[in-house]
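Before any comments, here is the structure.
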Amino acid sequence: MRLHSGGRKGTCQGATGSLIEMAAFFSNLVQFRGLYQMILVLGIGGSFPYGFHISVINYPSVHIRKFINETWIERHGSPLHPETIMLLWSFIVSIYGIGGLLGSLFCTYVTTKYRKKKCQIFTNLIMLAAALFMAFSKTAKSFEMILVGRLLYGIGSGFCMNIHPQYVGEISPKKLRGFANSTVAVFLTLGKLTGQVIGLREILGSEALWPWLLASSGLSALVQLVTLPFFPDSPSYLLIQKGNEEACRKAIRKLWGEGDHQAEIDDIMKEKGAMGSTKTLRVLEVIKERSLRWQLYFMMTVMTTLQLCGINAIYFYSFEVFHTAKFEEYLIPYVSLGIGLCECLSSILCSTLIDRFGRKVLLWGGYTLMCSVLALLTMTLSLQHRFFWMHYFSVILIFLFVVFYGSGPSGATVAVMVEIFSQSYRPSAFLIVGCINWMGLFVLGMIFPLLVDNLGPFCFLIFLAILALSAIFIYLYLPETKGKSIVEIKAEFNKLNFGKKETSFTENNFPKEQLACTKL
């Protein structure tokens, strides 16, 4: 009887704990509803279109190549050589990366001179102009309009991927900063999934509707253009750059609800005091700055690893694996949709885990698990022609890799990059990130087909080595940023940048005693 009574008591306590957690969750949802609404608006016009344009361009490729040839015949009376058509198609695909690089380069200057909110609204106008070029390209019988539209989409995405992570990180309190930063990856994967869904021939992927498929991302730009003006600038921008404490408090109340947020305001004041007379540094100044040396090492490591972790190779090989596994031809696009859905759901999972386990664990743990999957996948792909059942293991491993990628490095990478730089260094740091991202996409697009042709499934060993080295580096050296203010994170990095004897220095290399004078 005692055991039974104790069991009932434990069950009741567990149920009570669950109810308390649920009540806290809903209370948090109500209090921070303004923040969640703004995260949604920023995501729709931020990383969402970037992911959308990465995936959607593959679906109308046959129709666009046919359109280029028909347009040329109508103009000149003779068809284009197949190699010329393929060259023009390749240029349409790659010009998106060129536009993205241009957008990243200009974004730092524009956001520093004006402000992130105004720049993001302007970006929506660029995206709407691109959508119009795409929508009317077929009617105007001009494949050049597709080129212009694709370039403008790239420029807009370059702005979005620079502004969105910074903006969403600056509007969030410490306890929700990891969640907010990880939503950048959530909306990116949601954009990729949306592109896969509406790119199906049953929706907008047909020969008659492909211009509207390419123009459809203009809807997300329109939604953000209409809604973003109703939200405030980031509290840190209002207090640090503008020096307007009242506007900062008003923005905090609108985003975080009523309550005692003085500790957060004090942290922003500490950051402002630590910055002192520091101006926004240019890229070369950031690179030369000794107090940012290890931050740059980590930023370049996590961004390069994200590009070279093998996720693009996984998507490429998935089609071959599905064919070999005897999936019906008409089912393969839908099975591929399952991979996109899996990545999207695992990114959402990451947003719930990041503030519980921290950024460091999700990074090195994710890299390690992805390494293990790539080792097994190399083996199963090499043996798939000997044992028929190996195909099914390969399918399972592909889904596992996507889960580990989405629930770890995909979301934690953005969080780390935002948190290790302060307000004055962040624009230039994200210019470097943008260049790595867009040049990485271009280089990977050029060399990946060669790797596959020459190495086959053994190309995964290159990605495995990169993941292993990054996992060791992150595990040994990266300080955990979870729940820490900018000043506290800077103090952690000073141990790496200056050595143990100079750990009391802050952002401007001021000692802590001098920083204490800046407190309210």
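The values are calculated or read from the model by the stated rules, or taken from the named source; none is laboratory data. The structure displayed is predicted, hence computed values, not measured ones. Here the Cβ is made from the backbone with ideal geometry for all residues, glycine too, and neighbour counts use every protein chain on show. Remember, those area values only see protein heavy atoms, side chains included, never the ligands or the DNA or RNA. Shrake-Rupley method; radii C 1.70, N 1.55, O 1.52, S 1.80 Å.
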#### Entry: Members of segment 455-492 found to be more than 18 Å from VAL302 (Cβ to Cβ), in contact with a Phe, Trp or Tyr (Cβ under 9 Å, 6 or more places away or on another chain) and β-branched (Val, Ile, Thr), listed by number
ILE486
### Summary
Per the filter on segment 361-370, residues crowded, with 24+ Cβ neighbours inside 10 Å and of a type in the set (A, V, I, L, M, F, W, C) are LEU362, LEU363, MET370
### Task
Please work out if THR227 is closer than 30 Å to ALA130 by Cα, of a type in the set (Ser, Thr, Tyr) and open to solvent by less than 70 Å² (accessible area, probe 1.4 Å).
yes
### Summary
Checked against (1) closer than 30 Å to GLU271 by Cα; (2) assigned to a helix (DSSP H, G or I); (3) open to solvent by less than 30 Å² (accessible area, probe 1.4 Å), PHE179 satisfies every condition except (3)
### Query
Going by the conditions given, is TYR167 among the aromatic types (Phe, Trp, Tyr), in contact (Cβ under 8 Å) with a residue 40 or more places away in the chain, part of a helix (DSSP H, G or I) and within 16 Å of GLY34 (Cα to Cα)?
yes
### Task
Please specify each residue of segment 230-243 satisfying the condition of being free of Cβ contacts under 8 Å to residues at least 12 places away in the same chain and open to solvent by 70 Å² or more (accessible area, probe 1.4 Å).
PHE230, LYS242
### Message
Tell me whether segment 182-196 contains one or more residues that are under 16 Å from GLN120 (Cα atoms) and more than 16 Å from the chain's Cα centre (by Cα).
### Response
no
## Note on the structure
Residues of segment 99-151 being of a type in the set (D, E, K, R) and touching a helix residue (DSSP H, G or I) at 6+ places or on another chain (Cβ under 7 Å), in sequence order, are ARG115, LYS116, LYS117, LYS138, LYS141, ARG150
### Query
Is it the case that segment 392-408 has a residue that's out of contact with any Leu (no Cβ under 7 Å at 6 or more places or on another chain), of a type in the set (Val, Ile, Thr), more than 19 Å from LEU467 (Cβ to Cβ) and surrounded by 24 or more Cβ atoms within 10 Å (Cβ to Cβ)?
no
### Message
So GLY199 passes all but one of these: (1) closer than 24 Å to LYS116 by Cα; (2) crowded, with 23+ Cβ neighbours inside 10 Å; (3) among the small types (Gly, Ala, Ser); (4) at pLDDT below 95. Which condition number does it fail?
### Response
(1)
### Task
Among the residues of segment 454-463, count how many are surrounded by fewer than 19 Cβ atoms within 10 Å (Cβ to Cβ) and either touching a Cys at 6+ places or on another chain (Cβ under 9 Å) or farther than 16 Å from CYS309 by Cβ (or both).
4
### Message
Which of the helices (runs of 4 or more DSSP H) found entirely inside segment 408-496 contain at least 2 residues meeting this: in contact with a Lys or Arg (Cβ under 7 Å, 6 or more places away or on another chain)?
### Response
409-419
### Message
If I filter segment 334-360 down to residues being out of contact with any helix residue (DSSP H, G or I) (no Cβ under 7 Å at 6 or more places or on another chain) and farther than 21 Å from GLY310 by Cβ, which single residue comes out as surrounded by the fewest Cβ atoms within 10 Å (Cβ to Cβ)?
### Response
ARG356
### Summary
Residue pairs qualifying under the 9 Å Cβ cut-off, at least six apart or on distinct chains, with the first in segment 296-320 being closer than 26 Å to HIS385 by Cα and open to solvent by 30 Å² or more (accessible area, probe 1.4 Å) and the second being at pLDDT 85 or above and among the aliphatic types (A, V, I, L, M), are TYR315/ILE339; TYR315/ILE398; TYR315/VAL402
### VAL184 in a helix (DSSP H, G or I) and open to solvent by 40 Å² or more (accessible area, probe 1.4 Å)
no
### Query
When you look at LEU451, is it open to solvent by 10 Å² or more (accessible area, probe 1.4 Å), touching a helix residue (DSSP H, G or I) at 6+ places or on another chain (Cβ under 7 Å) and closer than 23 Å to VAL373 by Cβ, yes or no?
yes
### Query
Restricting to segment 457-473, what's the tally of residues that are of a type in the set (Gly, Ala, Ser) and without any contact (Cβ under 8 Å) to a residue 60 or more places away in the chain?
1
### Summary
Residue count, segment 207-217, condition part of a loop (DSSP other than H, G, I, E, B), in contact (Cβ under 8 Å) with a residue 40 or more places away in the chain and open to solvent by 10 Å² or more (accessible area, probe 1.4 Å), comes to 2
### Query
In segment 30-44, which residue that is in contact (Cβ under 8 Å) with a residue 40 or more places away in the chain and of a type in the set (A, V, I, L, M, F, W, C) is surrounded by the most Cβ atoms within 10 Å (Cβ to Cβ)?
LEU42
